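These notes are about the structure you will find just below.
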């Protein structure tokens with residue numbers, strides 16, 4: 001279980017991005033949504049250890065990880081997938097998936113992870129992760145990498161971005177199989193109704209504070225109607 005206690009973040013310039021966030025997450029699928037600039041990505045990066053909070057604590061399964069570096073958190077079971085995936089010149093797709101898995105993978109095993117995200121494995125497994133790959137291809141490879149890691153807590157920042165030609169249902173099935181493998185939690189930042197509609201818990205951030213928390217049955221109808229003063233992206 002992830003527990004966040006009295007978490008705040010103020011930039012060096014004095015701007016408050018997050019203000020007194022208190023949250024408990026034990027569900028397998030949790031969605032964080034809210035308008036642009038509400039602090040969603042900052043919260044995810046703080047949980048992952050990329051940003052240090054101004055105050056507050058973060059506990060994972062009862063262990064205080066607030067003072068841990070991003071590397072230490074990764075070793076303790078926290079993964080983070082960026083909204084804009086990183087390119088690694090000189091490293092192949094097979095290399096990055098093998099590193100993520102933490103063990104030597106056979107060619108067939110590496111290809112299986114790529115197939116999970118809708119990529120023809122033989123066309124990608126030996127390619128470098130560089131500018132030759134599109135944003136959508138990089139996004140799918142990053143999701144495959146997160147699947148290979150299969151940690152206790154996996155954070156995705158808008159995983160649907162750039163994968164329009166790959167169905168949302170396929171993306172959801174990857175998340176379901178990831179959970180079956182890890183029995184951990186998957187936290188997803190998204191504006192998309194199709195992502196929010198399968199979350200067990202929805203967290204709405206507004207102006208750096210939690211405006212609402214509840215099940216999708218409680219929160220999603222209010223988001224779609226505008227009762228919570230924020231409308232998520234409709235189904236295409």
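Computed from the coordinates by the stated procedures, all read-outs in this text should not be read as laboratory data. As the structure is a computational prediction, the values presented were derived from the model and not from experiment. A quick note on method: Cβ atoms are made from the backbone with ideal geometry, for glycine too, and the neighbour counts reach across all protein chains shown.
Things worth noting here:
- Against the chain, whose longest principal axis comes from its Cα atoms, helix 107-116 is set at around 40 degrees.
- Euclidean distance of C-alpha centroids, segment 101-163 and segment 1-17, integer Å: 31
- Label point distance in nm, residue 76-residue 172, each placed 7 Å from Cα along Cα→Cβ: 3.4
- Between the helical axis of 135-149 and the longest alpha-carbon principal axis of the chain there is an angle of about 90 degrees.
- Extension gain for the segment residue 55 to residue 181, taken as residue separation times 0.36 nm less the Cα-Cα distance, is 42.0 nm to one decimal.
- Sorted by Cβ neighbour density within 10 Å, fewest at the top, the residues 55, 152: 55, 152
- Sequence of 111, 120 once ranked by neighbouring C-beta atoms within 10 Å, starting from the fewest: 120, 111
- Gaussian network model of the chain, Cα within-10 Å springs - most flexible of 142, 158, 218: 218
- Counted over the chain, the DSSP beta bridges are approximately 55% antiparallel.
- Length available on full extension from residue 198 to residue 99: 0.36 nm per residue minus the Cα-Cα distance, which gives 32.6 nm.
- Sequence-separation-based contact order of segment 1-153, relative, with Cα cut under 8 Å and 6+ spacing, percent: 21
- Residues 33, 71, ranked from the fewest to the most other C-beta atoms within 10 Å, line up as 71, 33.
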